[in-house]
Amino acid sequence: MRRPRPSPALRPPAFGYHGATSGKGAAKPSREDLYCEAVPLKILATRHGTPLYVYSAAMIRARLNAFAHAFRSIPHTLCYSVKANSTLGILRLVAGEGAGFDVVSGGELQRVLRASPKAADKVVFSGVGKTAAEMELALRSGILLFNIESASELYVLSATARRLKKPAAVAVRVNPDVSAKTHPYISTGLHQHKFGVPIPEARTLYALAAKQPYLKVAGVSVHIGSQITDVGSFQEALERVADLVRVLRKQGHDIRYVDAGGGLGISYEATQENFEKQITAYARAVLSPVRGLNLHLLLEPGRAIVGPAGVLLTRVLYRKTNNHKRFLIVDAAMNDLVRPSLYGAYHEIVPVSRASRETEVTDVVGPICETGDFFARDRKLPLVSEGDLLAILDVGAYGAVLGSNYNTRGRVAEVLVDGAKAGLIRRRESVSDQLRLEIS
Ligand SMILES: *Cc1c(COP(=O)(O)O)cnc(C)c1O
């Protein structure tokens, strides 16, 4: 069983309850409303409809600043991992804070170029299956670094760079064979995973790269998985990377960058996370192996930046009881937020207006024709009625980006809140948007 969250009001600074008093001085509020920064969420639900993703700009800025502060002792660039949340409004905000980007496709690179053309020289390109066309776009855009994952890929990049006469800075993404102790679907650093190159083979790849006229050996990369809370795994991986850097330099390679990847986990649980403490421990784990190597560090956080900055608002359509089992049927579904169905992920769910102290044990499910279409099972929740709003918390990462059109449901609208301002950053997808590409 999960411990009850003390109160989401304790989640600084983005989401908290504020009393809806009737202006009668010290009278205890009869109802409390959930806000994102200075904006009541129920107003956004009325204005834009539900389901609706709402993000806090202050939270995203605070997370970026916390990373920058924790790594201030070493030259570094934050390359926000675009796949965690790739909406242009979010990318523009991140670029505005001076960060770079980690992309895993040509499409993501085009998003970055659209959001902030100036950010191109702070882009790293990761992924096991880059096509020549994607490499060409990246070379023409003048990105910072290619993370290479196989000899075959290295040859394609070499040929593409030579054809365009544009040199490519490369790092080999090594597979350090350490366990990230996370969900098997998002663990990437063990030898049986498709990602990276085993360290002994990586040395051969560096020798190969050095012989290509248009490739410039520049770094070593590692990324061992996602939602990692045991910082010891990062330290182990970086120790192996640091050893490799020393060997490669001895062989004459000019290694200037270590890309430590992303993967820092967040707390989805009821307990209050202490991010300050967590980021400090993470920085220590990453930095201690590479200290003194005179390197420029690249970091690719995704989830830790945007995860806690987003909620999904959904309205209760129906209450239903089947043989004493209770269900809240809501208007959001697995196509809008797939993490519970895909990973069995836990997300806190809270009422947008808190009036009753009464609770019930219930499932929270969507309208899709799949038993896997649920957000919570046997969850103790405050009693809510049909028509009430719920907020599913910590969905800023791997939420909207994993949305689909299953059941011909439109992709959800998204709103970015900044202080008292709230702006729509993605319109709700209509059925005609969906049908536009079809031929009949
Ligand atoms: C997914 C990914 C990241 C971001 O992971 P988070 O867990 O969201 O921080 C960073 N780098 C690479 C190469 C990735 O594939």
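The values are calculated or read from the model by the stated rules, or taken from the named source; none is laboratory data. Remember, it's a predicted structure, so these values are computed and weren't measured experimentally. Cβ coordinates were reconstructed from backbone atoms using ideal geometry, including for glycine residues, and neighbour counts include every protein chain displayed. Areas reflect the complete protein model, heavy atoms only, side chains present, ligands, DNA and RNA absent. Shrake-Rupley method; radii C 1.70, N 1.55, O 1.52, S 1.80 Å.
Quick check: is even one residue across the stretch 313-330 under 17 Å from the mean Cα position of the chain (by Cα), open to solvent by less than 10 Å² (accessible area, probe 1.4 Å) and in contact (Cβ under 8 Å) with a residue 40 or more places away in the chain?
The answer is no, given that none of the residues of the stretch 313-330 is under 17 Å from the mean Cα position of the chain (by Cα), open to solvent by less than 10 Å² (accessible area, probe 1.4 Å) and in contact (Cβ under 8 Å) with a residue 40 or more places away in the chain.
What is the residue count in the stretch 167-177 for residues that are surrounded by 15 or more Cβ atoms within 10 Å (Cβ to Cβ), part of a loop (DSSP other than H, G, I, E, B) and of a type outside the set (Asp, Glu)?
Adding up the residues that qualify gives 1.
For Ala304, all conditions in the list (1) in a helix (DSSP H, G or I); (2) more than 22 Å from Asn85 (Cβ to Cβ); (3) within 16 Å of the ligand (Cβ to nearest atom) hold save one; what is the number of the exception?
Answer for Ala304: the failing condition is (2).
Does at least one position in the stretch 291-302 carry a residue that is crowded, with 20+ Cβ neighbours inside 10 Å, within 25 Å of Val350 (Cβ to Cβ) and in contact (Cβ under 8 Å) with a residue 40 or more places away in the chain?
Yes, there is a match, as at least one residue in the stretch 291-302 is crowded, with 20+ Cβ neighbours inside 10 Å, within 25 Å of Val350 (Cβ to Cβ) and in contact (Cβ under 8 Å) with a residue 40 or more places away in the chain.
List the pairs whose first member sits in the stretch 136-157 and is assigned by TED's automatic domain parsing to the domain that holds Val172, whose second member is open to solvent by less than 30 Å² (accessible area, probe 1.4 Å) and among the basic types (Lys, Arg), and whose Cβ atoms are under 7 Å apart, counting only residues at least 6 apart or on separate chains?
Going by the 7 Å Cβ cut-off, the qualifying pairs are Asn147/Arg173; Ile148/Arg173; Glu149/Arg173; Glu153/Lys130.
Conditions (1) at pLDDT below 95; (2) touching a strand residue (DSSP E or B) at 6+ places or on another chain (Cβ under 9 Å); (3) assigned to a helix (DSSP H, G or I); (4) buried (at least 17 other Cβ atoms within 10 Å of the Cβ), marked per residue:
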{"residue": "Ala68", "(1), (2), (3), (4)": "no, yes, yes, no"}
{"residue": "Thr77", "(1), (2), (3), (4)": "no, yes, no, yes"}
{"residue": "Gly98", "(1), (2), (3), (4)": "no, yes, no, no"}
{"residue": "Gly107", "(1), (2), (3), (4)": "no, no, yes, no"}
{"residue": "Ala119", "(1), (2), (3), (4)": "no, yes, yes, yes"}
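For residues that are under 20 Å from Gly19 (Cβ atoms) and assigned to a loop (DSSP other than H, G, I, E, B), scanning just the stretch 347-373, find the one that is least open to solvent (accessible area, probe 1.4 Å).
Applying the filter and picking the extreme gives Val352.
For (1) buried (at least 21 other Cβ atoms within 10 Å of the Cβ); (2) within 11 Å of the ligand (Cβ to nearest atom); (3) charged (D, E, K, R); (4) not in a loop (DSSP other than H, G, I, E, B), each residue gets a yes or a no:
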site: Val156; (1), (2), (3), (4): no, no, no, yes
site: Thr160; (1), (2), (3), (4): yes, no, no, yes
site: Ser179; (1), (2), (3), (4): no, no, no, no
site: Thr182; (1), (2), (3), (4): yes, yes, no, no
site: Tyr185; (1), (2), (3), (4): no, no, no, yes
site: His191; (1), (2), (3), (4): no, no, no, no
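Take the stretch 250-290 and flag every residue that is assigned to a loop (DSSP other than H, G, I, E, B), more than 16 Å from the ligand (Cβ to nearest atom) and at pLDDT 95 or above.
Within the stretch 250-290, Gln251, Gly252, His253, Asp254, Ile255, Arg256 meet the criteria.
Tell me which residues, restricted to the stretch 207-224, are touching a strand residue (DSSP E or B) at 6+ places or on another chain (Cβ under 6 Å) and either hydroxyl-bearing (Ser, Thr, Tyr) or surrounded by fewer than 19 Cβ atoms within 10 Å (Cβ to Cβ) (or both).
Matches in the stretch 207-224: Ala210, Lys216, Ser221.
Across the stretch 211-232, what is the total count of residues that are under 19 Å from Asn147 (Cβ atoms) and either part of a helix (DSSP H, G or I) or more than 21 Å from the chain's Cα centre (by Cα) (or both)?
Looking only at that region, the number is 8.
Let's see how each residue does on (1) within 13 Å of the ligand (Cβ to nearest atom); (2) modelled with pLDDT under 95; (3) closer than 21 Å to Phe125 by Cβ:
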site: Ser73; (1), (2), (3): no, no, no
site: Tyr80; (1), (2), (3): yes, no, yes
site: Asn85; (1), (2), (3): yes, no, yes
site: Ala95; (1), (2), (3): no, no, yes
site: Val103; (1), (2), (3): yes, no, yes
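Given the criterion surrounded by 15 or more Cβ atoms within 10 Å (Cβ to Cβ), more than 24 Å from the chain's Cα centre (by Cα) and either over 20 Å from Ala260 (Cα atoms) or among the acidic types (Asp, Glu) (or both), identify the matching residue among Glu136, Glu149.
Residue meeting the stated conditions: Glu136.
Could you run through the stretch 193-206 and say how many residues are open to solvent by 50 Å² or more (accessible area, probe 1.4 Å) and assigned to a loop (DSSP other than H, G, I, E, B)?
The number of residues fulfilling the criteria is 2.
Of all residues in the stretch 307-324, which are in a strand (DSSP E or B) and either within 26 Å of Ala400 (Cβ to Cβ) or modelled with pLDDT under 95 (or both)? Outline the logic, then answer.
Looking only at the stretch 307-324, we keep the residues that are in a strand (DSSP E or B), and these are 310-322.
Scanning the stretch 307-324 gives Gly310, Val311, Leu312, Leu313, Thr314, Arg315, Val316, Leu317, Tyr318, Asn322.
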